[in-house]
Amino acid sequence: KIKLFPDSIEALRTLADHNFAVIFITNQAGIAEGRIDLNGFQRINNKALDMLAPSGVKLLKTYVCPHSPDEHCECRKPKPTLLLRAARDFKVDLANSYMVGDRESDIMAGVNAGTKTILVKTANTPVVSPEATYTASSLIDAVKYIVNN
């Protein structure tokens, strides 16, 4: 039951054409809440990665926080822990990287890690973030901004 936003493949293909790589950073409180286990999350993540493969983008890794907000862990966005770990693992220059997301916690994780940030407006999230470097109307809009800047 995984559905991609309509412009996901095109957006990631554009990143691939410009030699960008992608790392996913995700909060998954459903694991802590027992709605899904880690193996179930991995199956869903693998299916999503398979769906995105035709884009040709280099998907380096998915970092997941399996904790609920009540656990006050160190890896849940907006804390920058997973971004910092990814930067260390893949030698990413955070100051010249973008954190793209559709929630305030995504933007603040990027700010806290020292990245540029892009808030993508989706039908699911009427979020406003004055801290975002850029607010995009769609994923393809965000990618065009990245490629042009």
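With respect to the conditions (1) modelled with pLDDT of 95 or more; (2) within 17 Å of residue 5 (Cα to Cα); (3) buried (at least 18 other Cβ atoms within 10 Å of the Cβ); (4) not basic (Lys, Arg), residue 141 lacks only one, and its number is (3). Residue-level analysis places residue 50 among those that are over 25 Å from residue 114 (Cα atoms) and free of Cβ contacts under 8 Å to residues at least 12 places away in the same chain. Scanning region 29-45 for residues that are in contact (Cβ under 8 Å) with a residue 24 or more places away in the chain, of a type outside the set (A, V, I, L, M) and open to solvent by less than 60 Å² (accessible area, probe 1.4 Å) turns up just one, 41.
Look at region 1-22: where a residue is of a type in the set (Val, Ile, Thr) and a partner is in a loop (DSSP other than H, G, I, E, B), sitting 6+ places away or on another chain with Cβ atoms under 6 Å, you get 22/57. The residue that is nearest to residue 142 (Cα to Cα), counting only those in region 15-28 that are open to solvent by less than 50 Å² (accessible area, probe 1.4 Å) and not small (Gly, Ala, Ser), is 15. The condition of being part of a helix (DSSP H, G or I) and either more than 24 Å from residue 138 (Cβ to Cβ) or open to solvent by 30 Å² or more (accessible area, probe 1.4 Å) (or both) holds for only one of 84, 12, 59, that being 84.
On the given criteria, is residue 52 under 16 Å from the mean Cα position of the chain (by Cα), crowded, with 16+ Cβ neighbours inside 10 Å and either farther than 18 Å from residue 27 by Cβ or among the small types (Gly, Ala, Ser) (or both)?
yes
Within the group 102, 93, 89, which residue is open to solvent by 20 Å² or more (accessible area, probe 1.4 Å), closer than 19 Å to residue 23 by Cα and at pLDDT below 95?
Unique residue meeting the criteria: 102.
Looking only at region 114-124, decide whether some residue is open to solvent by less than 60 Å² (accessible area, probe 1.4 Å), in contact with a helix residue (DSSP H, G or I) (Cβ under 6 Å, 6 or more places away or on another chain) and on the phi > 0 side of the Ramachandran plot. Scanning region 114-124, I find at least one residue that is open to solvent by less than 60 Å² (accessible area, probe 1.4 Å), in contact with a helix residue (DSSP H, G or I) (Cβ under 6 Å, 6 or more places away or on another chain) and on the phi > 0 side of the Ramachandran plot, so the answer is yes.
The values are calculated or read from the model by the stated rules, or taken from the named source; none is laboratory data. Fair warning: this is a prediction, and the values are worked out from it, not measured in the lab. Note: ideal-geometry Cβ built from the backbone for every residue, glycine included; neighbour counts use all protein chains shown. Each accessible area value is taken on the protein alone, full model and side chains, heavy atoms only, with ligands, DNA and RNA left out. Shrake-Rupley method; radii C 1.70, N 1.55, O 1.52, S 1.80 Å.
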